[in-house]
Amino acid sequence: VENNMSTAAPTSTGARPQRDAAVLRLSEALSVCHEPGELAKVLAEQLSPFLRFDYLDIVTRKENSAEIEWHAWGTVKLPVPDLQWPSDELADWPAVSRQEFLYIADLKRDERFPCFKQELAARGIELGSLLLLPLTTPHRRLGVLGIASASAASYSEEDIVFLQLVARVVAFAIDDGLNLRRERIQNDRLELLLNLTNRITSNLELREVLRAVAVNVREVMHCDMASIALAGDEPGTLRVYALDFPDGKGAVKEELVVGPSPDDPGWRAIETLQPVIWRVPETGEVTSRLRAAVAEGIKTICFIPLVSRGRALATLAISRRTDSRFTSEDVEFLNRVAGQIAIAIENALAYQEISELKDKLTQEKLYLEDEIRSELNFENVVGNSSALQHVLSLVETVAFSDATVLLLGETGTGKELIARAIHDRSRRRDRTFAKLNCAAIPAGLLESELFGHKRGAFTGAVAQKAGRLELADQGTLFLDEVGDIPIEVQPKLLRVLQEREFERLGSTHTRKVDFRLVSATNRDLEQMVASRDFRSDLFYRLSVFPIRIPPLRERKEDIPLLVSYFVQKFAKQMHKNIEGIPASAMKGLTAWDWPGNIRELENFIERAVILTRGKSLEAPLGELRKTKTETAVMTVVPQDVKRASGVAGGAQADKDGVAKEYETKQREEIIRALTACKGRVGGSDGAAARLGINRTTLLSRMKKLGVFAKQYA
């Protein structure tokens, strides 16, 4: 006692019986205290009738360590010694390490603990005397009971003896409370691990799982905020994917993106695969994520990497608004939790990837089934004319390369059939042949069909959808009517052709794609480039290997073979037995120019098979004897022109005059329609719909008559 006391106050008399009774009451009062703060306050209340003190606190430290386990005040708070101080600067450390009380009757004159006294002076606090008593049980050393007074020499030897007895009672109460608290914490944490296991096995929706995990972890760890950040869409970024922050102000929120930074503790946790604890600095710069956390009042964050198979999948961040430190036991437990969460993330990501692949395979299956039903395959290329054989030789030449092919030809010449022939002869023949008719889809939906979209990208996008580019990955993409692609979509298609990457609508995630492009058009792309209706750089990309498919009138020697093929095809479908085709019918069919090419011939033969009652084809050749002007695909034909055509009397001059008059009136009708529609050709309010004809037919007529839509916009 003499070694640890300096100038004790005189011993008081007559207080021993009262103090003995006070110890018994104190033991009863402390036995029901389960929280450190509550225990310290009850102790201060019980001691105040017997002792003069201004400050009372209880500090428990981890066994054989200077690290504080918890610190509770029964009075107003004094500065807490920083654990970075040397052990000889920790005022309570001698009481812990040597298990001896320490009494300083006059702290001002005592030369020990200069850092501690500087802290007091900086805060304008004056202490006269200080008494520190070890808290010990037969099982372990717990910590220190501290009592301080503003007056010097406040405590006598009898006071110290009394307080040593009190310290024993307090030590047992703390030990019981710590055991109960540890048992409760252990049970809560075991329950958390069990809940994590159940969630991993019962739910594979990633965001739902991680949100529930964040709630459980925050509650069990008694923290203010818990968040889980996954890799962002941009390389080297992290995105807050799940957040539980009941009292948050909005500075930290889900979808917050954090860029790579060597100063960010979250990134250090990922790079080192080790936990990192961050405390708010008094000065210095912080990263964007930490600025948001500081704005929310966060003072301490523990970053735990979520590691699976040697790589970090994400980070778990546990945050507190208080100065309460994360212990080594906390970090060890969070590491165990991180292992479970990493499994959940890996399972959910695998499930998501499998689901996307399943959707893609489903789409490919639908395409393949449609292609099987379409009966459009290489064997159906019918004909042996030199013009057709030249086309097929070009197909054989280009098929084994991955060069972009542009098919040019009139409507109905079989451009899709040739595109499929290129695919079937290529190295990609075992993968998907995805096709898209650019003229059959409204301009507003074409981009979605081509690139796909994310859920919520636009009104009606209730689910994510893979575009034709994704379906054509490792296969072939066939863009029919490529000349009808809107000018605003053309740069995006050009980028895909150049970079082989794209983003779905509404997404920032860049997807790589490997495909072979075959495009087709019946329009004059060079003329469109000259009139600025088509990008020249896209045209050059598309026309790496152009193939012109001749119209049927340039390979009339193939017409008999085509007629026989279509007769057999439709007779089989209609369960008819047609054994022959009259020579006169075949001669008439061969003589006709077939402006609609093979499609027109196919439709005509189907109609003929329907009309046939016997075993010989009954072809309605009368329909083919009409003049070309009467068979022009215009719905609105002036009646006076029809009458003029009907009374022409066969004279060539009269026919030419009627044709010229018809073209003039046809031009006037088109101009009136374009003027009324303000130059718009397609769409429900376009000139084609107003005239009641197909959009591509109107464009063909406009080209022939020299009418340009821009003149009437």
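The values are calculated or read from the model by the stated rules, or taken from the named source; none is laboratory data. Given the structure is predicted, the values throughout are model-derived calculations rather than measurements. Note: ideal-geometry Cβ built from the backbone for every residue, glycine included; neighbour counts use all protein chains shown. The accessibility values were calculated without ligands, DNA or RNA, using every heavy atom of the protein model including side chains. Shrake-Rupley method; radii C 1.70, N 1.55, O 1.52, S 1.80 Å.
If you take the residues of the stretch 397-429 that are assigned to a loop (DSSP other than H, G, I, E, B) and basic (Lys, Arg), which of them is surrounded by the most Cβ atoms within 10 Å (Cβ to Cβ)? Taking the candidates together, the pick is 428. Within the set 531, 519, 543, the sole residue that is under 30 Å from residue 463 (Cβ atoms), polar (S, T, N, Q) and touching a residue at least 60 places away in the same chain (Cβ under 8 Å) turns out to be 519.
Reported count of residues in the stretch 131-142, each being modelled with pLDDT under 85 and crowded, with 24+ Cβ neighbours inside 10 Å, is 1.
Given the criterion in a helix (DSSP H, G or I) and either buried (at least 17 other Cβ atoms within 10 Å of the Cβ) or not assigned by the TED database to the domain that holds residue 36 (or both), identify the matching residue among 297, 339. Answer to the check: 339. Among the residues of the stretch 19-43, those that are among the small types (Gly, Ala, Ser) and open to solvent by less than 10 Å² (accessible area, probe 1.4 Å) comprise 22, 40.
Please find, within the stretch 219-237, the residue that is surrounded by the fewest Cβ atoms within 10 Å (Cβ to Cβ) out of those that are part of a loop (DSSP other than H, G, I, E, B) and among the hydrophobic types (A, V, I, L, M, F, W, C). Here the residue is 221.
Could you list, in sequence order, the residues of the stretch 454-476 that are farther than 30 Å from residue 421 by Cα and basic (Lys, Arg)?
Selection gives 454, 455.
In the set 331, 252, only one residue is at pLDDT 80 or above, out of contact with any Phe, Trp or Tyr (no Cβ under 7 Å at 6 or more places or on another chain) and β-branched (Val, Ile, Thr); that residue is 331. Residue pairs whose Cβ atoms lie under 7 Å apart, sitting 6 or more positions apart in sequence or on different chains, and linking a residue in the stretch 101-127 that is open to solvent by 10 Å² or more (accessible area, probe 1.4 Å) to a partner that is among the acidic types (Asp, Glu), are 113/89; 115/89; 116/89. Scanning the stretch 530-559 for residues that are part of a helix (DSSP H, G or I) and under 52 Å from the mean Cα position of the chain (by Cα) returns 530, 536, 537, 538, 539, 540, 541, 542, 552. Restricting the first member to the stretch 413-431 and to residues that are in contact (Cβ under 8 Å) with a residue 40 or more places away in the chain, and the second to residues that are open to solvent by 50 Å² or more (accessible area, probe 1.4 Å) and assigned to a helix (DSSP H, G or I), the beta-carbon pairs closer than 8 Å and six or more apart or on different chains are 425/396. Considering 624, 562, the condition of being among the hydrophobic types (A, V, I, L, M, F, W, C), at pLDDT below 85, open to solvent by less than 80 Å² (accessible area, probe 1.4 Å) and assigned to a helix (DSSP H, G or I) is satisfied by 624 alone.
For (1) β-branched (Val, Ile, Thr); (2) within 29 Å of residue 68 (Cβ to Cβ), each residue gets a yes or a no:
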| residue | (1), (2) |
| --- | --- |
| 300 | yes, yes |
| 308 | no, no |
| 313 | no, no |
| 318 | yes, yes |
| 327 | yes, yes |
| 332 | no, yes |
| 341 | yes, yes |
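Only one of 382, 307 is open to solvent by 20 Å² or more (accessible area, probe 1.4 Å), at pLDDT 80 or above and either over 18 Å from residue 209 (Cβ atoms) or outside the structural domain of residue 266 (by the TED database) (or both); which?
Sole residue among the options that is open to solvent by 20 Å² or more (accessible area, probe 1.4 Å), at pLDDT 80 or above and either over 18 Å from residue 209 (Cβ atoms) or outside the structural domain of residue 266 (by the TED database) (or both): 382.
Applying the set (1) open to solvent by 20 Å² or more (accessible area, probe 1.4 Å); (2) farther than 15 Å from residue 439 by Cβ to residue 689 leaves exactly one unmet item: (2).
If you check 424, 370 for being at pLDDT 85 or above and farther than 18 Å from residue 483 by Cα, only one passes: 424. Restricting the stretch 596-615 to residues that are open to solvent by 80 Å² or more (accessible area, probe 1.4 Å) and farther than 13 Å from residue 574 by Cβ leaves a set whose member that is modelled with the lowest pLDDT is 615.
Any residue at all in the stretch 79-94 that's at pLDDT 85 or above and not assigned by the TED database to the domain that holds residue 324? First the steps, then the outcome.
Residues of the stretch 79-94 that are at pLDDT 85 or above, as a first pass: none.
No, the conditions are met nowhere in the stretch 79-94.
Can you spot a residue in the stretch 184-203 that is of a type in the set (Asp, Glu), outside the structural domain of residue 270 (by the TED database) and at pLDDT below 80? Yes, the stretch 184-203 contains at least one residue that is of a type in the set (Asp, Glu), outside the structural domain of residue 270 (by the TED database) and at pLDDT below 80. Restricting attention to the stretch 692-713, the residues that are within 23 Å of residue 446 (Cβ to Cβ), open to solvent by 60 Å² or more (accessible area, probe 1.4 Å) and in a helix (DSSP H, G or I) add up to 3. Candidates in the stretch 430-451 are the residues that are among the hydrophobic types (A, V, I, L, M, F, W, C) and assigned to a loop (DSSP other than H, G, I, E, B); of these, the one that is surrounded by the fewest Cβ atoms within 10 Å (Cβ to Cβ) is 440. Every listed requirement among (1) at pLDDT below 80; (2) assigned to a strand (DSSP E or B) is met by residue 325 save one, (2).
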